Amino acid sequence: MPERFRYIVVEGPIGVGKTSLAHRLADEFGGQVLLEKAEENPFLASFYHNPRQYALSAQLHFLLQRAQQVQDFRQADMFHGSYVADFMVDKDRLFAQMTLNSDELALYEQIYTHLTLDAPRPDLVIYLQAPIETLRERIARRGIEYEQQIRDDYLLRLSESYTRFFHDYDDSALLTVNTRSVDLINNDDDYREILDKINDIHSGRHYFNQSSFAL
């Protein structure tokens with residue numbers, strides 16, 4: 001991993017391939033992978049089946065999980081070794097704003113404030129994009145049963161929320177990748193192009209295979 005990038009985050013909507021890329025980059029750079037572990041949320045399957053009823057339960061579980069992950073970050077020596085994560089702590093509020101009603105969001109924000117989350121800032125964020133049909137295909141391919149209940153309108157709102165979030169993001173170097181026509185896991189040529197792109201980045205915003213729906 002380039003010396004300037006001790007902590008890389010791979011982000012994007014469900015099904016876009018962030019966990020697989022995080023694993024591959026961690027293996028490439030000899031780093032430690034930090035995973036979101038969404039499967040440990042006992043409310044997630046119920047949320048996809050009945051979003052209105054289980055949104056708050058699912059979101060509060062994620063929030064408390066993030067608090068533990070921040071504590072783990074603080075205990076880790078971020079200045080020695082390298083880390084690749086498949087999530088940003090900051091994005092938890094993105095989901096809350098999208099799924100909770102006003103009263104629930106007020107409660108969430110109150111708890112969020114009291115937890116005082118203060119995660120280390122990534123050196124580089126790799127934001128993966130894909131159109132809805134590509135996300136749907138990848139979700140079907142990986143075969144997690146409760147994910148098959150995810151509605152296309154939810155995927156669309158989620159993708160739009162990510163687009164808004166990263167439109168003004170400037171806390172770290174940012175690489176936006178359109179994954180519609182690239183395979184960063186199974187195509188070594190595509191993967192090597194991404195590595196070359198990462199090695200050329202020092203700061204600012206960058207794009208790989210940008211298309212009409214990219215930022």
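Points to keep in mind about this one:
- A simple packing score, the average count of other Cβ atoms within 10 Å per residue, orders the peptides 12-23, 56-67 as 12-23, 56-67, with the highest score first.
- Of the peptides 25-38, 148-161, 173-186, the ranking by mean beta-carbon count within 10 Å, highest at the top, reads 173-186, 25-38, 148-161.
- Cα gyration tensor category, rounded, prolate or oblate, for segment 107-215 with a/c compared to 1.5: oblate
- At R0 = 25 Å, FRET efficiency that the Cβ-Cβ distance of His23 and Leu107 yields, to 0.05: 0.10
- Projecting the Cα atoms of Gln149, Leu195, His206 onto the dipole axis of the chain, where Lys and Arg carry +1 and Asp and Glu carry -1 at the beta carbon, places Gln149 farthest toward the positive end.
- Only Lys, Arg, Asp and Glu carry charge here, each on its Cβ (+1 for the first two, -1 for the last two); on that basis the chain has a dipole of about 240 debye about its Cα centre.
- The distance separating the Cα centre of segment 142-178 from that of segment 30-54 comes to 15 Å.
- Cα-derived Rg to Rh of the chain, Kirkwood definition: 0.94
- When you restrict to C-alpha pairs under 8 Å that are six or more residues apart and normalise by the size of the chain, the relative contact order lands at 28 percent.
No value in this document is a laboratory result; all are computed from the given coordinates. Just so we're clear, the structure is a prediction, and the values are computed from it rather than from any experiment. Heads up, the Cβs are rebuilt from the backbone with ideal geometry, glycines too, and the neighbour counts pull from every protein chain shown.
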